[in-house]
1. Fewest first, what order do H97, H164, H340 take by the number of other Cβ atoms within 10 Å?
2. Kirkwood hydrodynamic radius (Cα pairs, Å) of the chain?
3. Tell me the angle of helix 261-270 to the major Cα principal axis of the chain, expressed in degrees between 0 and 90 and rounded to the nearest ten.
4. Cα centroid distance between the stretch 87-111 and the stretch 309-338, in Å?
5. Got the relative contact order for the stretch 30-104 handy, in percent, Cα pairs under 8 Å and 6 or more residues apart?
6. Using the Karplus curve 6.51 cos²θ - 1.76 cosθ + 1.60 with θ = phi - 60°, work out ³J(HN,Hα) for each residue of the stretch 108-113 in order, rounded to whole Hz, and write x for Gly and Pro.
7. Using only Cα atoms, tell me the angle between helix 150-166 and the longest principal axis of the chain; keep it within 0 to 90° and round to the nearest 10.
8. Computed over the Cα atoms of the stretch 81-134, what is the convex hull's projected area averaged over all directions, in nm²?
Amino acid sequence: MTPGILQVFNRYLSPGGEEMSVNRIFQHLSAQHAMSRCFFDSADWKGESAPGPAGQARRLFYNKESRAQFETALDASGAGVALFHNIFPVGSPSLYHAALERRLPVVQYLHNYRPFSVSGTLQVDGKVVQDALYGSYWKEISSGAWQGSVVKSALFAVMLKALHRSGWLKSVKAWIAISDFMRQKLVSSGSLPEARVHTLRHAWDAMPQPPVAEDAGYYLFLGRLVETKGVIPLLDAWDELRAQLGKKTPSLHIAGEGPLNDAVQQRVRTNPYIGQLGHTGGETKREALRRCRAVIVPSTWWEPLGLVVYEAYDYSKPVLAANSGGLSEIVQHGVTGLKHEPGNVHGIVQDVLAMEATPATERLVIGSAGRQWLLREASPQAWLQRFEKILAEAVKS
């Protein structure tokens, strides 16, 4: 008999790809398990009804209310396993403690580098810094990695240090990394025992047939406008392309919102070949994907996987990606797209020039190869089979 599963997740202030993955995982597991949820919300710590600074600091280390909510959900569901995603800050380490005391096996999904990094990205001043994987958080603290605050980052770092020393993480019987790259970094740093860390890339519910593709000649960036997504190098690359190509410069359409919105608007004013779509969803997003020439994913951090690549492949579009993190595994250079060194403006320019020089018929072949990769490597059925093996090991251990 398959055990019931309680899915636990702390929503971020800004919904993103992780929350969509959490929902997708719930749907896929519902085909085989009795699923229930226990969600927390970072927005609860904003506004007039939020706990004060001292109350938030106390709850960051151990939130008794969140533990009670978790245990109530657990008792109501009768679940035999907890599936954790992000649980910070509102959920807190109290959830691991409760699971350990109840001898409840936890499967921990790692969508980023928490609980080993203050920011979750390992980035400091635009560069990947591995120190946090080895237990040193000073550089992340000094850069204000969490919410732009040195004080809050220091508190988060002390909380992580206390969590790792507490022994409560023994409740986690299986850790799921979403790329081989991520797994290797966590294991080689000594952050996690190799036997309990598994690679399981996300599944994708591909369209039965891709829509009839057009090539309107523009390149599409689709994602949060944040430093880790390589927005600034991308903008710089388009200025360089304009300097080289003049009126023959292809257009760049930027879809998304975030802290770098003003920087994008400034480039839109000075470079006529850059356009900003803002937040894009629904039919607008589908049309943007259907009509682009290629999707650009210039991330500068160790992107754990990069689901925007899946989206591009679903529409049979080539991908121009940074050769970083999980992106290096799912984009095949010269087959499903092209790869450049992370943050390398010249590399982005060369990828675009190469794609511009590629005949339209060959671009279609590249897009089709991406679609075939998606159907072969990201099927929900294969994902579920792999998850069941990981779950079985977790329950046994």
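None of the figures in this text is laboratory data; all of them are computed from the coordinates on show. Computed from a predicted model, the values in this text were never measured in an experiment. Methodologically, a virtual Cβ is constructed for each residue, glycine included, from the backbone with ideal geometry; neighbour enumeration extends over all protein chains shown.
1. With the fewest neighbours first, H97, H164, H340 line up as H164, H97, H340.
2. Result for the chain stands at 22.1 Å.
3. 10 degrees
4. With the stretch 87-111 and the stretch 309-338 each reduced to a Cα centre, they are spaced 34 Å.
5. Relative contact order here is 41 percent.
6. So the Karplus estimates, Gly and Pro as x, are 9, 7, 9, 8, 8, 9 Hz.
7. Taking Cα atoms only, the helix is inclined about 50 degrees.
8. Computed as one quarter of the Cα hull surface, the answer is 4.3 nm².
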